[in-house]
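Asker: Below: one structure in structure tokens.
Only the coordinates and a few stated rules stand behind these numbers; no lab work does. Here the structure is a predicted model, which means the values were calculated and not measured. Here the Cβ is made from the backbone with ideal geometry for all residues, glycine too, and neighbour counts use every protein chain on show.
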Amino acid sequence: MKTIKIVSKIGLEKSYFPKKPFAFLNHQKKMPLDKFNRKLTDVRISLIDKCNFRCTYCMPKTVFDDNYQFLGNKDLLTFEEVVFLSSAFIKLGAEKLRLTGGEPLLRKNVEDLVKVLANLRTIERKPVEIALTTNGTLLFGKAQSLFDAGLQRITVSLDSLNQEIFEAISDTNFSVKEILKGIDHAKKIGLEVKVNMVVRKGLNENQIIPMAKYFKNRGVTLRFIEFMDVGSSNSWKKEKVATSQEILTLLKTEFVLNYIGRENANEVSEKWQYDCDDTQIGLISSVTNPFCKNCTRARISADGFLYTCLFASNGFDLKSILRSTINNSDKSNLDQKNRIIELLTQHISEIWHHRSDRYSELRSLNPETSKKRKIEMSYIGG
């Protein structure tokens, strides 16, 4: 049998030599399992590495300045390539696709991609769940076309209602009111909307209650995220982390909350519901209560590298495999298309089978782990 070669982001070539094809698959659904028997059910796909914000915990201007070299257009995955990759992941059991960035709405005609992805079906012939994460600046103008194309859910990153604090975090002077306008519009036309708030001590703790009140009144789920050491440029220190327990304690001084828990084992958000209605809040505790053991997420960078962990240092080059195959194929031929997808599934399965990531758990055991070099969140999406 041929050795399958996988090129990592740093140029190293790894050769995996399975005894027989797909020997490591869960044969009931043909799902690959990693070293800890974790399936692959969720895929985050970055469409662009550029963003119109310079959030200090993601793309600090001290690093991502006017001289920073972002990916060129020819380096980005084409929409066709995104569809091929998505099809391969779905064939391996993926049920959810989330489009990220950078700021994905900066990618031109993104609704055209959504329209194609919305027609894909899982191996159980169910519609694939399509979601998109955005900073909300372009949401008002894009929401309707995205919804019409088949997008089901929007997650908006917003860390403050206070304009001054918002500007300090995002390093922009964009209006919070315009983002809120976009959220209201998206919800009105039928999109499910969630809001993510990263909380950092000494910066936006005083926005927890105002944010909770505002989105509770609008029936929007607000998720509080512990400040994480993603990438190597956000000056993370554990002392800056407002823990989920601290956030919950503060919320309980103002609201009566009923515990719901997680919808399923691989859900990252622990949920609570307001006593007086069905609006929920979520707590994502990657630092104080890691959920590595149930992580079923893969991430694709805007230039086509596969990362098996948000805190990874290296990725695997799927774009080169894809482009060399596409260039030698008749894409109008259905059999040729299926062969391309089959080749991708083999490579992805190989990579996933050897996955053993559990960074957040290791960080909890040894704080020195946080000092290792990690890929930036703006490059692979959150």
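Asker: Once you measure Cβ to Cβ distances between cysteines in the chain, which Cys have no partner under 4.7 Å?
Answerer: 51, 276, 292, 295, 309
Asker: For segment 154-270, what are the per-bin percents of Cα-Cα distances with bins 10 Å wide, up to the bin holding the maximum?
Answerer: 12, 42, 37, 9, 0
Asker: Taking square-rooted eigenvalues a ≥ b ≥ c of the alpha carbon gyration tensor, is segment 65-133 rounded, prolate or oblate, where a/c under 1.5 means rounded and, failing that, a/b exceeding b/c means prolate? Walk me through the intermediate numbers first.
Answerer: Working: a/c = 2.43, a/b = 2.19, b/c = 1.11.
Verdict is prolate for segment 65-133.
Asker: Sort the following peptides by mean Cβ neighbour count (other Cβ atoms within 10 Å, averaged over residues), highest first: 374-381, 361-368.
Answerer: Highest mean packing first, the order is 374-381, 361-368.
Asker: Counting other beta carbons within 10 Å of each residue's own, what order do 34, 277 fall into, fewest first?
Answerer: 277, 34
Asker: Could you give the C-alpha radius of gyration of segment 327-382 expressed as a fraction of 2.2 N^0.38 Å, taking N as the number of residues it contains?
Answerer: Rg over 2.2 N^0.38 Å, computed on Cα atoms: 1.80.
Asker: Could you work out the relative contact order of the chain? I mean the mean sequence separation of Cα pairs under 8 Å and 6+ apart, divided by the number of residues, in percent.
Answerer: Computed over the chain, the figure is 22 percent.
Asker: Write down Rg/Rh for segment 102-161, rounded to two decimals, with Rg from the C-alpha atoms and Rh from the Kirkwood relation over Cα pairs.
Answerer: 1.02
Asker: Check residue 199: other-chain or 5+ apart residues with amide H under 5 Å from its amide H, H built from backbone geometry?
Answerer: The list, which skips near neighbours in sequence, is 225, 227.
Asker: Considering the values (1) 0.98; (2) 0.95; (3) 1.08, which represents Rg/Rh (Cα atoms, Kirkwood Rh) as calculated for the structure under consideration?
Answerer: Calculated Rg/Rh (Cα atoms, Kirkwood Rh): the matching label is (2).
Asker: Please rank 285, 301, fewest neighbouring Cβ atoms within 10 Å first, as an exposure proxy. Don't skip to the end; give the middle numbers.
Answerer: Values: 285 21, 301 26.
Exposure proxy ranking, most exposed first: 285, 301.
Asker: Among DSSP beta bridges lying fully in the chain, give the percent that are antiparallel, nearest 5.
Answerer: In the chain, approximately 40 percent of DSSP beta bridges are antiparallel ones.
Asker: Another question, then. Tell me the Kirkwood hydrodynamic radius of segment 75-183 in angstroms, computed as one over the mean inverse distance between distinct C-alpha pairs.
Answerer: Every distinct Cα pair counted, the radius reaches 15.0 Å.
Asker: Continuing with this model, one more query. How long, wide and thick is segment 204-323, going by the Cα atoms along their three principal axes, in whole angstroms, largest first?
Answerer: 53, 30, 26
Asker: For residue 33, list long-range residues whose amide hydrogen, built 1.01 Å from N in the peptide plane, is under 5 Å from its own amide hydrogen.
Answerer: 26
Asker: Another question, if that's okay. If you average the C-alpha positions of segment 129-181 and of segment 197-217 separately, how far apart do those two centres end up, in angstrom?
Answerer: Measuring centre to centre over Cα atoms gives 16 Å.
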